[in-house]
Amino acid sequence: MPPLDAIPLAALLVLLVTAYVHPSARTELGVGLAAAAATLATGILDAGDVEAVLRHLGPVVLFLVTILVVADVCARAGLFAAVAARIRHASSGRPVRLFTGVFLLAAVVTSALSLDATVVLLTPVVVAAAAAAGTSVWPGSHACLRMANSASLLLPVSNLTNLLAMPHLDLTFAGFAVVMAPVLLAVLVVEYVVLRLLFRRELATPGEPADHGPDPALEPVPLVVVALMLAGFAVGSPLGVDPCWISAAAAVALVAWARHRGLVTPSQAGHAAHPAFAVFVLCLGIVVAALSTGFLGDLVADLVPGGTSYADLLAIAVLATVLANLLTNLSATLLLVPLVAPLGDTAVLAALLGLNIGSGLTYTGSLANLLWRRTLVRLDIRPSLGRLHRVSLVATPLSLLAAVTMLSAVAGN
């Protein structure tokens, strides 16, 4: 390894540790800027390289900022709570019905509002619904975790990994969804069956519903805005309109409505955007770009298969899974996707299977996993590391295999 490569490698390790520790926003911002500055001081990247990184990541980060605001306003308006309450009421205290409804709700929220909304905003609502129904919180909370990663396949906006890959794909927003819909369906079947089996004892215990009065009102405005936002993504994609501008418009509309209703203040909306983390992601992109031009990029390039046969697609998905769990899926996407892009769309989509589904294998695979754990801890619930891996070590390989098999069939390989 060339001596200069040691600096961005050390910077990446510092950034990963910071992401896992999840310090204050100010600390996160300072560490990110310091890591980027140290990397730039090596001279590995010139001004043109840095501009290319920022040009590539800028729209993705803007989308992240705005979709977090959209999801936060939806939560403040009680959208998640209202839907979960209706699922709980319809379940009539039957754990399997409640679990099925929560499972599907988590998949929808992940697809429409991204995985962060599922782990941070939906999970507490699901836990509360289970408690109100007198059933175990574990099947539903693990459904949220699994869906946050595995259900983020359907739309380009469901996961930052998908958005980062879109410039390397010859697919529109709708085209991406058409290809990935059958893949997601196969994954949902596997995930549902596995979770039903692994939590069969909890799901066999009847609940004791408590009387919580009428279900909370379902606000129509957030639903309409989110529906229009998704339609805007589909319409704007063929016209070259980046999703970030559509999500920004949705965020502005929802914040204006929520302010009028007294649901949110400007400072709360700004906090929901997590600007420090947005800068952190840009800094991470600079560090990974420097590593990609050095030994790490060469090492990973040597491991990329040369074709798109079924075996090749499976190998790409497994490689993506390994990288995601070593580097987090965001870093792994920046490193791997440009290397598999010359093989075509199917190879990039296979990489996304590993980067999304595969990142659910361990806590380190995705920042969403860590956010899920912190969300439960704030609710005074201590998730078991052993239980998490007993679920993930069964569900992840089976889901990944089903996804690759379906993708290969859809692609005609």
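Between Leu218, Leu153, Leu171, the distinction of being among the hydrophobic types (A, V, I, L, M, F, W, C), in a loop (DSSP other than H, G, I, E, B) and buried (at least 24 other Cβ atoms within 10 Å of the Cβ) belongs to Leu153 only.
For every residue, the table says whether it meets (1) modelled with pLDDT of 90 or more; (2) within 20 Å of the chain's Cα centre (by Cα); (3) surrounded by 23 or more Cβ atoms within 10 Å (Cβ to Cβ).
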site	(1), (2), (3)
Ala350	yes, yes, yes
Ile381	no, no, no
Ser399	yes, yes, yes
Ala402	yes, yes, no
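Taken across segment 128-141, residues that are outside any helix (DSSP H, G or I) and buried (at least 24 other Cβ atoms within 10 Å of the Cβ) do occur, with at least one present. From the list Gly30, Gly101, Gly48, the lone residue that is within 18 Å of Pro124 (Cα to Cα) and modelled with pLDDT of 90 or more is Gly101. For segment 1-111, the helices (runs of 4 or more DSSP H) that sit wholly inside it and include 1 or more residues that are closer than 19 Å to Asn159 by Cβ and either in contact with a Pro (Cβ under 8 Å, 6 or more places away or on another chain) or basic (Lys, Arg) (or both) are 47-76. The residue list Ala107, Ala112 contains one member that is under 30 Å from Gly344 (Cα atoms), at pLDDT 95 or above and among the small types (Gly, Ala, Ser), which is Ala107. If I ask for residues that are in contact with a Phe, Trp or Tyr (Cβ under 8 Å, 6 or more places away or on another chain) and crowded, with 24+ Cβ neighbours inside 10 Å, which ones from segment 106-124 would you list? Scanning segment 106-124 gives Val109, Val119, Leu122, Thr123.
Remark: pairs (first residue in segment 222-246, surrounded by 14 or more Cβ atoms within 10 Å (Cβ to Cβ); second residue part of a loop (DSSP other than H, G, I, E, B) and aliphatic (A, V, I, L, M); Cβ separation under 6 Å; 6+ apart in sequence or on different chains) = Pro222/Ala77.
The values are calculated or read from the model by the stated rules, or taken from the named source; none is laboratory data. In this text the structure is predicted, and so the values were computed from the model without any measurement. Neighbour counts are summed over all protein chains in view; Cβ atoms, including those assigned to glycine, are modelled from backbone coordinates with ideal geometry.
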